[in-house]
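The values are calculated or read from the model by the stated rules, or taken from the named source; none is laboratory data. None of these values were measured; they are calculated from a predicted model. Virtual Cβ from ideal backbone geometry, glycine too; neighbours counted across all protein chains shown.
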Amino acid sequence: MAANFWTSSHYKQLVEQDKIDVVHPIDKERGLTLEEFKLIKIHMTNHIWRLAQHVKVRQRVIATAVTYFRRVYTRKSLTEYDPRLVTPTCLYLASKAEESTVQARLLVFYIKKMCSDEKYRCEIKDILEMEMKLLEALDYYLVVFHPYRPLLQLLQDAGMTDLTHISWGLVNDTYKMDLILIHPPYMIALACIYIASVLKDKETTAWFEELRVDMNVVKNIAIEILDFYDFYRVEAFKGMAESFKGISDEKINAALHKLTPKP
Amino acid sequence: MTGSFSAVEEDPSQSKLVADRYLKRELLGEGTYGVVFKAIDTKSGKTVAIKRIRLGKHKEGVNFTALREIKLLKELKDPNIIELIDAFPYKGNLHLVFEFMESDLEAVIRDRNIVLSPGDIKSYLQMTLKGLAYCHKKWVLHRDMKPNNLLIAADGQLKLADFGLARIFGSPDRRFTHQVFARWYRAPELLFGTKQYGPGVDVWAAGCIFAELLLRRPFLQGSSDIDQLGKIFAAFGTPKPFQWPEMVYLPDYVEYQYVSPPSLRSLFPMASDDALDLISKMFTYDPKARISTQQALEHRYFSSIPAPTKPALLPRPPPKGESLNEKPLDLNLECGPVVLSPPRKLRRVTVNHVGFEGDTHNNTVRGDVNDKAPRGVAESGLSGLMPMSIDLEAVFGYTAAPRPKLNSVDRSHLKRKLDLEPEFK
């Protein structure tokens, strides 16, 4: 797959950060701030991740689902597309697109089990209706590339396979940001390798030079990732799965509440 | 069908726009996963084919096969691959809009009124391989190559269609189902049950299509998987381990009695040496040694004479449901200056051609086409008009066995393997 990224729809759809950091006019009208918008996306990414662990799908499927989720909200409002329904539907659609179908009824079942908040619950027919709307919102582009495979190949090439674990975790965390919509996946992989190598005091200058990639871009992505960890006051690199306890449920609920149509 | 609205029921004169854009016309048929109807795209003025996708049974949303086709066709844009123009939901069903295709290669091969010159065959094969090479470059396996999935556009271009079984073969260790392709087009490694395979399976099927163009009948018509292998071995000899070392380790490997291959020449008496050489390379047993689509396109068969006939000049059956008079009159304008020999000679060729056919019903059709655009005649000279092989059906009253599609066992197996749709409760 890596061989044809440059001719893919994914490549053609890459956008600039400032196109993503825009609160949809409808959401803005309801008082949603950019920070809240970002918080909701992080929260919902975690929601997808948790749900996926229940239904047991490959990480690739989760990554695709999150990419769909983030792409949808570069075009649609949170008000019209309730993220609490969009998240399971993204996972449902991604599982089909990645050839490892998860039945909608399983998702419905596990959401009920997982979430005490009734607003997260949905029925099969809701997911199926949303599936059609999502396809349209995504303009039917379903093939997504991820940093995982280039990561493994690059680590192999660099002879640094001992960094696999930590850099893989870093890649997983990048899905809490919008990097996958902005940069080619192998650049994200390189940034994660760069961070991991600095952290573990590995000398990589010569190897990076040989690659002939724009090191400024790699470093900028790396800084963005570090800023992100910093911003949410997370103890980076220690227990990454637990990283996002920092966002309180109240904060998320308050943000989501703004979007609920007033009676 | 339980759908509340159906293309047949609707009066075309109502001319209601579907999705504010498409003017619905007659029903064309039942596709793999729903009905197909003809329509006019008011945005472009072009004729299109719209597939209405049945919603999956058992509440499983958009049909999995359809979704796979959408996913891949959105990435594949090539002159030799069917174009997915648009997709939209309408009345709760997903609709896919494709460019309208007049005919398919199976109709060409079956039409006894059509003579395929060596240049014509070369052209059809070249377009098939070009489409495939593009897929393979994009890491997509078609997995259902057969003449009736090769559609022919109004301008003569052949296009790969039906990507419902296709998939991306990016991950090196991914295991796939071997229950793909209609049996007659299945490569030996699939028949031996391999789960790890590559673009070679499409090349084998393309080889079968090449042979079918030459013979004008399906080449290896096995009645079961075991029989299919028997037919393959009868044609090319039972493979020996040195030819294909991995064979004996394949899951469903069974030993066949050794038969030595007849000469290729005896199978394809009218084919050129270059054609035979390419055939032998496309039918190489060891998938790793089999020629790739790109190498096949660079084979000297395609650079030696006769040149491949230009698509617009290829013979093809009259479009379905249309009278011949409606054929565009500016055919010769589109085709450009192809006459390279004096008109006198051309006329003689035309007469000969009709005489050879010995079928007066045809004269209007052929004459018509020949007058306006002498298809490849001038390019390849007289020899271009000779058929590659005898039409068995016409000469011996031979009738081909019905073309097998995926049978019901295959289908349910496939459903389970690919769709994971709970077909049986």
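Just a few scattered comments:
- Entry remark, the range A:107-125: residues being within 14 Å of chain B (Cβ to nearest Cβ) and either among the polar types (S, T, N, Q) or within 10 Å of A:PRO88 (Cβ to Cβ) (or both) number 3 in total.
- Subset of the range B:145-192 [among the acidic types (Asp, Glu) and modelled with pLDDT of 85 or more]: B:ASP155, B:ASP162, B:GLU189
- Scanning the range B:85-95 for residues that are closer than 22 Å to A:LYS12 by Cα and more than 8 Å from chain A (Cβ to nearest Cβ), we see that the one that is surrounded by the fewest Cβ atoms within 10 Å (Cβ to Cβ) is B:ASP86.
- Only residues that are among the charged types (D, E, K, R), more than 7 Å from chain B (Cβ to nearest Cβ) and in contact (Cβ under 8 Å) with a residue 12 or more places away in the chain were counted across the range A:126-142, and they come to 2.
- Some residue of the range A:39-53 being over 20 Å from A:PRO184 (Cα atoms) and of a type in the set (Gly, Ala, Ser): yes
- Scanning the range A:34-65 for residues that are free of Cβ contacts under 8 Å to residues at least 40 places away in the same chain, farther than 25 Å from A:VAL143 by Cα and not charged (D, E, K, R) yields a single hit, A:LEU34.
- Out of B:SER292, B:SER224, one residue alone is out of contact with any Gly (no Cβ under 6 Å at 6 or more places or on another chain), closer than 23 Å to B:PHE176 by Cβ, of a type in the set (Ser, Thr, Tyr) and at pLDDT 95 or above. It is B:SER292.
- Annotation note: of B:ALA154, B:ALA87, B:ALA107, the sole residue that is over 20 Å from B:ASP202 (Cβ atoms) and free of Cβ contacts under 8 Å to residues at least 60 places away in the same chain is B:ALA87.
- Only one of B:ASN113, B:ASN63 that is crowded, with 18+ Cβ neighbours inside 10 Å and either within 15 Å of the chain's Cα centre (by Cα) or polar (S, T, N, Q) (or both): B:ASN63
- If the condition is being surrounded by 14 or more Cβ atoms within 10 Å (Cβ to Cβ) and at pLDDT 65 or above, then the range A:227-252 contributes A:PHE228, A:TYR229, A:TYR232, A:LYS251, A:ILE252.
- Looking only at the range A:143-160, and only at residues there that are in contact (Cβ under 8 Å) with a residue 60 or more places away in the chain and assigned to a loop (DSSP other than H, G, I, E, B), the one that is nearest to the other protein chains (Cβ to nearest Cβ): A:VAL143
- Taking the criterion of being closer than 19 Å to A:VAL102 by Cα, facing another protein chain (nearest Cβ under 7 Å) and not in a helix (DSSP H, G or I), the residues of the range B:61-75 that qualify are B:GLY61, B:VAL62.
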